[in-house]
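Right, one structure below, let's go through it.
The values are calculated or read from the model by the stated rules, or taken from the named source; none is laboratory data. What you see is a predicted model, and the numbers here were worked out from it, not measured in a lab. Counting neighbours? That spans all protein chains shown, and the Cβs are built from the backbone with ideal geometry, glycine included.
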Amino acid sequence: MARIFHPLLALIASATDRELARYIEYLKHENKILRARLPKQIHTTTRERETLIKFGRPLGQAIHELITIVSPATFLRWVREDKRGSRKSLCPKGRRRKPRELRELVIEIAKTTGFGYTRIIGELRKLGIKNISRQTVRNILKENGIEPGPDRTSDSWTEFLNRHGETLWGCDFFSVKSVTPRGIRDLYMMVFLNMQTREAIVTESTYRPNSAWVCRQMKRFAEQTRERDKKPAIVVHDLDTKFTRKFRETVSAQGMKTNPLPKASPNLNGRCERFIETIKLECLNKFIVFGRRHLDHLTASFSDYYNYHRSHIERDHLPPIRDLPGDVEKLTLHELEVRSHVGGLVKSFTRKAA
């Protein structure tokens, strides 16, 4: 059954005059605390003003002690206006809005150039537009949710990756436990990952990832990518001690630059880390690895699947290396074939050749 009376009404109805005075005194102090945490000025709606007038007018002079949302003088003005049955119409603030074409131009300049208010004014002046102020530009951008210039033009790691992604590669090491005649040993590999396409190139494995081995893998990576239109230009890596001065000299000799990442910044090479997690979870953790040849075969098979068949959310749900398929309305099972990868561990669907 719905509650007819609010608990506060029941409390007031059963209270004596002294108790009511205590209740009111408590509510006044509570209201004072709450008001101290609110903005200095509170704008009321027409319906809220009517409610305050309805319950405040019968209080007479006592309203001066009770009202806090506005000043007593403002409340009395509301009462006078309510008695007259009309309220002064408020004139709209500011001048008439700028033409739609001018507002669109301001937004387009901001999005295209990333300029702040002052430089947008400069672009408008060069176009012969003079009747617009810096404040108007600010208001137009704010209304459309566009941040001020410094927030839009300040560089970030994501923006850096987007600018150089096609020729920017990250590299990192990972290890896998292997069963050998000498017992369980760690095998080490390197992965090179394109920051834009997410193409992954995994090196051969080794038990001793010394500087000579790292330099040799760098040279092989350069050979694999030498004939591409978008050749690798920058290689980013962490501060692992295996990235020696000899390694940096090898990178330079191949016509590339190195970009060592700062300390304690694992997220800057997070895309490589994510690939390492993927190849381990989806492939390597499902096998008992027996030596280098076995591991090299597994990583080569999975890399081929990853680059040409595995969908990637950042590549519009298509593989890193792929041709855009033609649109079709429907496909029957007879038009498809299933391909197995990594010894049948994973499968993918493809259209049958015409």
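A compact table of results
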{"quantity": "Single residue of Arg292, Arg245 found to be out of contact with any His (no Cβ under 9 Å at 6 or more places or on another chain) and in contact (Cβ under 8 Å) with a residue 40 or more places away in the chain", "calculated": "Arg292"}
{"quantity": "Neighbours by Cβ (under 7 Å, 6+ apart or cross-chain): first from segment 152-167, loosely packed, with under 15 Cβ neighbours inside 10 Å and assigned to a helix (DSSP H, G or I); second at pLDDT 70 or above and not hydrophobic (A, V, I, L, M, F, W, C)", "calculated": "Thr153/Gly114"}
{"quantity": "Segment 294-322 - residue that is in contact with a helix residue (DSSP H, G or I) (Cβ under 6 Å, 6 or more places away or on another chain) and not in a helix (DSSP H, G or I) and, of those, nearest to Asn162 (Cα to Cα)", "calculated": "Pro320"}
{"quantity": "Residue under evaluation Thr112, criteria (1) of a type in the set (Ser, Thr, Tyr); (2) surrounded by 13 or more Cβ atoms within 10 Å (Cβ to Cβ); (3) modelled with pLDDT under 85; (4) more than 26 Å from His29 (Cα to Cα), criterion not met", "calculated": "(2)"}
{"quantity": "Criterion violated by Gln41 - all others in (1) under 22 Å from Trp78 (Cα atoms); (2) at pLDDT 80 or above satisfied", "calculated": "(2)"}
{"quantity": "Boolean, Ile184 is of a type in the set (A, V, I, L, M, F, W, C), at pLDDT 85 or above and surrounded by fewer than 17 Cβ atoms within 10 Å (Cβ to Cβ)", "calculated": "yes"}
{"quantity": "Residue among Thr225, Thr332, Thr244, Thr299 that is of a type in the set (Val, Ile, Thr) and over 15 Å from Met190 (Cβ atoms)", "calculated": "Thr332"}
{"quantity": "Filter result (surrounded by fewer than 16 Cβ atoms within 10 Å (Cβ to Cβ) and closer than 16 Å to Thr113 by Cα) within segment 123-137", "calculated": "Arg125, Lys126, Leu127"}
{"quantity": "Qualifying residue in segment 296-303 (condition: free of Cβ contacts under 8 Å to residues at least 40 places away in the same chain and in the same structural domain as Leu239 (by TED's automatic domain parsing))", "calculated": "yes"}
{"quantity": "Residue check for Gln217: in the same structural domain as Leu168 (by TED's automatic domain parsing) and either buried (at least 20 other Cβ atoms within 10 Å of the Cβ) or under 23 Å from Pro319 (Cβ atoms) (or both)", "calculated": "yes"}
{"quantity": "Considering residues of segment 115-141 that are under 28 Å from the mean Cα position of the chain (by Cα) and among the hydrophobic types (A, V, I, L, M, F, W, C) only, the residue modelled with the lowest pLDDT", "calculated": "Phe115"}
{"quantity": "Residue check, Ile279 buried (at least 19 other Cβ atoms within 10 Å of the Cβ) and β-branched (Val, Ile, Thr)", "calculated": "yes"}
